[in-house]
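For reference, the structure is listed below as structure tokens.
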Amino acid sequence: MHIGFIGLGNMGNGMALNLLKAGHSVTAYNRSPAKVDALAQRGATAARTVADACRGDVVQTMLADDDAVEQVTLGPGGVVASLPPGGIHVSSSTISVALARRLTAAHADAGQSYIAAPVFGRPEAAAAAKLFVIAAGAPAALDAVAPVFDAIGQRTFVVSEQPYSANLVKLSGNFLIATVIESLGEAIALVEKAGVDPVNYVDILTSTLFNAPAYKTYGDLIARKSFEPAGFAATLGLKDVRLALQAAEELTVPLPLGSLLRDRFLTLLANGGGQLDWSAIATLAERDAGIRPAD
Ligand code: NAP
């Protein structure tokens, strides 16, 4: 397929490379051009504008947040203005339910299709084509972009015909991961203050009661205090908790733990931790317990 790819960040770079490896023709655009040049050396065609990346069958975006997706999609010379009628926009960013609804309507007005395809998995999974794709949209468009999902992920789950529902599922998943990070941070602070080795402790937990990827990945990062470089920055973690709370408010669903987590992220950001991995909110439990940070 001829695929445009926009957004070569921690996640997008690996995804675009895997589209190339699967034999697709990829035309890539990134706001900072150096990342495009690096991908061009691996076989991509460099696009110097968003419009240049919108001339194929499909354009996939993997941008940071609502503002970025809104600018790139709805702005002048953006995806809606540039994609031909019948074209498909696969949007893999973690964005709000409200924006997903607006994008669905804007693409429909332009005779195009909008697929929401947020993903579970960190940059290592993106690089290894092991993402889980959470997809929603019109069945014909989903069928047409199945080769894209096959190239970037290990499994695709279709949620419904309404694109926003995939975003809601994704946000609910990140909300749950954030609760795991917070509770792991508290439990590790408890045993660590008593002199138990945190790495051994996480091994015990994840080999017995909590044998699941979220506990293994984040337990290891927290026990080893490995928060840099960020696989998923705390600023993005705050964004996702905020978006989950927004969606919950629209649906009148209280999320008391979400409110707590929002404040945890704000505390981390207020203390200069915005670019640390989001699992660094676990350091707040240590601080509360009077555990001195390691030098
Ligand atoms: P990232 O490394 O910060 O990359 C963000 C990308 O968005 C970069 O290409 C950046 O361009 C671009 N961008 C930001 N603002 C822009 C703007 N105003 N106009 C145009 N381009 C803009 O983020 P990431 O970790 O790849 O995450 C991307 C998305 O995937 C986010 O929605 C995130 O929540 C989601 N996600 C992340 C993970 C993870 O573990 N990292 C996992 C699943 C989902 P520049 O290079 O010019 O800055």
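Structure above, values below:
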read-out	value
Verdict on L168 being of a type outside the set (S, T, N, Q), part of a helix (DSSP H, G or I), away from the ligand (no atom under 14 Å from the Cβ) and open to solvent by 20 Å² or more (accessible area, probe 1.4 Å)	yes
Any hit, the range 91-100, residues being in contact with a Cys (Cβ under 7 Å, 6 or more places away or on another chain) and open to solvent by 10 Å² or more (accessible area, probe 1.4 Å)	no
3 or more residues more than 12 Å from the ligand (Cβ to nearest atom): qualifying strands (runs of 3 or more DSSP E) within the range 1-107	2-6, 25-29, 88-91
Considering residues of the range 67-78 that are without any contact (Cβ under 8 Å) to a residue 60 or more places away in the chain and open to solvent by 20 Å² or more (accessible area, probe 1.4 Å) only, the residue nearest to F232 (Cα to Cα)	D67
Residue ID - surrounded by the most Cβ atoms within 10 Å (Cβ to Cβ), chosen from residues in the range 108-138 that are within 14 Å of the ligand (Cβ to nearest atom) and assigned to a helix (DSSP H, G or I)	A126
Any hit, the range 179-197, residues being in contact with a Phe, Trp or Tyr (Cβ under 9 Å, 6 or more places away or on another chain) and within 30 Å of V69 (Cα to Cα)	yes
Complete set of residues in the range 186-228 that are assigned to a helix (DSSP H, G or I), touching a helix residue (DSSP H, G or I) at 6+ places or on another chain (Cβ under 7 Å) and open to solvent by 70 Å² or more (accessible area, probe 1.4 Å)	E186, K216
Residue list for the range 229-258, restricted to those being of a type outside the set (V, I, T), part of a helix (DSSP H, G or I), touching a residue at least 12 places away in the same chain (Cβ under 8 Å) and open to solvent by less than 60 Å² (accessible area, probe 1.4 Å)	A234, L236, G237, L238, K239, D240, L243, A244, L245, A247, G258
Residue under evaluation V36, criteria (1) modelled with pLDDT under 95; (2) of a type in the set (A, V, I, L, M, F, W, C); (3) surrounded by 18 or more Cβ atoms within 10 Å (Cβ to Cβ), criterion not met	(1)
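The values are calculated or read from the model by the stated rules, or taken from the named source; none is laboratory data. Bear in mind that the values here come from a model prediction, so they are computed numbers and not experimental data. In this analysis, Cβ positions are derived from the backbone assuming ideal geometry, glycine residues included, and neighbour counts consider all displayed protein chains. To get the accessible areas, we keep the full protein, side chains included, count just its heavy atoms, and leave off ligands, DNA and RNA. Shrake-Rupley method; radii C 1.70, N 1.55, O 1.52, S 1.80 Å.
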